[in-house]
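The values are calculated or read from the model by the stated rules, or taken from the named source; none is laboratory data. This is a predicted model, so every value here is computed, not measured. Backbone-built Cβ (ideal geometry, glycine too); neighbour counts: all protein chains shown.
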């Protein structure tokens, strides 16, 4: 789509105006944001568009659209699906060997699991290998409640972080500012990065990881903007 507007502004209701035309989601709902900080950041995405509008460069807008169109109609159902990641969290599944990878996982992953255990008064079972092992029912229940308490905008960002990183614990730590976005991404991709160190980097994998990192970091920024007013 060609850029058709000259000015971008934020309304008193934290909507976005392109000239005098309100921005709507793909399903035609008004794009109305919960905080001034997020509204201004999304307005900046629209201001940054050149001759053509490129949705792939508007990551915050995309997350807001998803919150309004896909999640807000039934946030509890969405939260339930997201909480299921806690049953097989990446950080609970450890390598048997080599010793260097085992040590790296322990150093990077264990502090986050220990934080989550203290924060939510739960216990995680650590597993050697990739065979699934069920987590305690109370752990799954309390993580589910933690996710269910989040609103549609928070769930939209958390969904990106969880699905890209494969870890509900990492997402919750990022949500509570326990870890910086880039560090969180690297921890989630520890195994992949270690393999690249050992055997060399495949350019296609590297390019794909750059895209995933941008999406991951944008979702973390989205969460921060929800709390920046």
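Which of the residues belonging to the stretch 211-229 are surrounded by fewer than 16 Cβ atoms within 10 Å (Cβ to Cβ) and either part of a helix (DSSP H, G or I) or touching a helix residue (DSSP H, G or I) at 6+ places or on another chain (Cβ under 6 Å) (or both)? Show your work before the answer.
Step one: filter the stretch 211-229 for residues surrounded by fewer than 16 Cβ atoms within 10 Å (Cβ to Cβ), giving 211, 214, 227-229.
211, 214, 228, 229 - these are the residues of the stretch 211-229 that are surrounded by fewer than 16 Cβ atoms within 10 Å (Cβ to Cβ) and either part of a helix (DSSP H, G or I) or touching a helix residue (DSSP H, G or I) at 6+ places or on another chain (Cβ under 6 Å) (or both).
Return the residues of the stretch 30-51 that are in contact with a helix residue (DSSP H, G or I) (Cβ under 8 Å, 6 or more places away or on another chain) and exposed (fewer than 13 other Cβ atoms within 10 Å of the Cβ); say none if nothing qualifies.
Matches in the stretch 30-51: 48 only.
Is it the case that residue 178 is in the same structural domain as residue 144 (by TED's automatic domain parsing) and outside any helix (DSSP H, G or I)?
Values: in the same structural domain as residue 144 (by TED's automatic domain parsing): yes; outside any helix (DSSP H, G or I): yes.
Yes: the conditions hold for residue 178.
So for the stretch 184-192 (the condition being without any contact (Cβ under 8 Å) to a residue 40 or more places away in the chain, in contact with a helix residue (DSSP H, G or I) (Cβ under 7 Å, 6 or more places away or on another chain) and not in a helix (DSSP H, G or I)), does at least one residue qualify?
So far as the stretch 184-192 goes, yes, one or more of its residues are without any contact (Cβ under 8 Å) to a residue 40 or more places away in the chain, in contact with a helix residue (DSSP H, G or I) (Cβ under 7 Å, 6 or more places away or on another chain) and not in a helix (DSSP H, G or I).
Taking into account only those residues within the stretch 116-146 that are assigned to a helix (DSSP H, G or I) and more than 23 Å from the chain's Cα centre (by Cα), which is surrounded by the fewest Cβ atoms within 10 Å (Cβ to Cβ)?
Filtering the stretch 116-146 for residues that are assigned to a helix (DSSP H, G or I) and more than 23 Å from the chain's Cα centre (by Cα), the one surrounded by the fewest Cβ atoms within 10 Å (Cβ to Cβ) comes out as 137.
Would you mention how many residues in the stretch 73-92 are within 17 Å of the chain's Cα centre (by Cα) and surrounded by fewer than 17 Cβ atoms within 10 Å (Cβ to Cβ)?
3
Quick check on residue 101: is it under 18 Å from the mean Cα position of the chain (by Cα) and touching a residue at least 60 places away in the same chain (Cβ under 8 Å)?
no
Any residue at all in the stretch 195-210 that is closer than 24 Å to residue 64 by Cβ, surrounded by 15 or more Cβ atoms within 10 Å (Cβ to Cβ) and either touching a helix residue (DSSP H, G or I) at 6+ places or on another chain (Cβ under 9 Å) or not assigned by TED's automatic domain parsing to the domain that holds residue 91 (or both)? Give the derivation first.
Going through the stretch 195-210, the residues closer than 24 Å to residue 64 by Cβ turn out to be 210.
Within this subset, residues satisfying the condition of being surrounded by 15 or more Cβ atoms within 10 Å (Cβ to Cβ) are none.
There is no residue in the stretch 195-210 that is closer than 24 Å to residue 64 by Cβ, surrounded by 15 or more Cβ atoms within 10 Å (Cβ to Cβ) and either touching a helix residue (DSSP H, G or I) at 6+ places or on another chain (Cβ under 9 Å) or not assigned by TED's automatic domain parsing to the domain that holds residue 91 (or both).
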